[in-house]
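Worksheet for the structure shown next.
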Amino acid sequence: MPKADIHPEWYPEAKVICNGEVVMTVGSTQPEINVDVWSGNHPFYTGTQKMIDTEGRVDRFLRKYGMLSSTSDDQK
């Protein structure tokens, strides 16, 4: 028999709030959930995602493990 009064209160219609507006409702142990990012404004889901290699991490990785060919170094 499960113990009584040990589980948190369940809110079946908890509001998920992003930038001051309700974006969806979900079941939760909190009545309101404030988020900064959700699928409606995340770049991956909105199609505005950019792949940026600002520090040359890929090239640095390839050089470190000897996978970078000499022709790609000459093109820079």
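Quick notes
- Each residue of the range 6-11 is assigned a 3J(HN,Hα), and the resulting list reads 10, 8, x, 5, 9, 10 Hz, derived from the Karplus form 6.51 cos²θ - 1.76 cosθ + 1.60 (θ = phi - 60°), x at Gly and Pro.
- Ile33 long-range amide H proximity, modeled H, under 5 Å: Lys15, Val16, Ile17
- Area accessible to solvent at Asp36, 1.4 Å probe radius, in Å²: 130
- The mean accessible area for residues of the range 9-52, using a 1.4 Å probe and ignoring ligands and nucleic acids, is 81 Å² per residue.
The values are calculated or read from the model by the stated rules, or taken from the named source; none is laboratory data. A quick note: this is a predicted structure, and the numbers were derived from the prediction, not measured. All accessible areas refer to the heavy atoms of the entire protein, side chains included, with ligands and DNA or RNA removed. Shrake-Rupley method; radii C 1.70, N 1.55, O 1.52, S 1.80 Å.
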